[in-house]
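Engineer: Below is one structure. I have some questions about it.
The values are calculated or read from the model by the stated rules, or taken from the named source; none is laboratory data. As the structure is a prediction and not an experimental result, all values here were calculated from the model. Heads up, the Cβs are rebuilt from the backbone with ideal geometry, glycines too, and the neighbour counts pull from every protein chain shown.
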């Protein structure tokens, strides 16, 4: 999986790291797929909250397969600039390795950041966003 700032295909040929997927109502988007190298502070690829559609009930973030007690921060921003992202929620995995959170805010950009805690050897969770 790409991490934050990785060049991606798209129409912005000046800065390929600014080509983000737009997540529409009904879409699911994988932020971490569990194959990344475990490193505290690892930032997922960002995505843009699409503006079309109606009946928006927010974005649900789900952590799957994390070591109990490990944390994943959910961050949002009004601009896709690394320093502009702020934490809106810290998800802590339960004894089954799962956590979830629904945000009804309207920030245009979102990402996940791998936090602290976990098992040894470390295990990388999956983090999924769904609108």
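Engineer: Name the residues in the range 68-86 that are in contact (Cβ under 8 Å) with a residue 24 or more places away in the chain and either assigned to a strand (DSSP E or B) or crowded, with 18+ Cβ neighbours inside 10 Å (or both), would you?
Structural biologist: 70, 71, 72, 73, 74, 75, 76, 77, 80, 85
Engineer: Does the range 47-64 contain at least one residue that is modelled with pLDDT of 95 or more, in a strand (DSSP E or B), surrounded by 15 or more Cβ atoms within 10 Å (Cβ to Cβ) and more than 12 Å from the chain's Cα centre (by Cα)?
Structural biologist: Yes, there is a match, as at least one residue in the range 47-64 is modelled with pLDDT of 95 or more, in a strand (DSSP E or B), surrounded by 15 or more Cβ atoms within 10 Å (Cβ to Cβ) and more than 12 Å from the chain's Cα centre (by Cα).
Engineer: Another one. Within the range 1-33, take every residue that is modelled with pLDDT under 70 and not in a loop (DSSP other than H, G, I, E, B) and give me the one that is surrounded by the most Cβ atoms within 10 Å (Cβ to Cβ).
Structural biologist: 17
Engineer: Something else about it: Closer than 16 Å to residue 4 by Cβ and either surrounded by 13 or more Cβ atoms within 10 Å (Cβ to Cβ) or touching a residue at least 24 places away in the same chain (Cβ under 8 Å) (or both): does that describe residue 36? Spell out how you get there, then give the answer.
Structural biologist: Numbers: closer than 16 Å to residue 4 by Cβ: yes; either surrounded by 13 or more Cβ atoms within 10 Å (Cβ to Cβ) or touching a residue at least 24 places away in the same chain (Cβ under 8 Å) (or both): yes.
Spelling it out, residue 36 is indeed closer than 16 Å to residue 4 by Cβ and either surrounded by 13 or more Cβ atoms within 10 Å (Cβ to Cβ) or touching a residue at least 24 places away in the same chain (Cβ under 8 Å) (or both).
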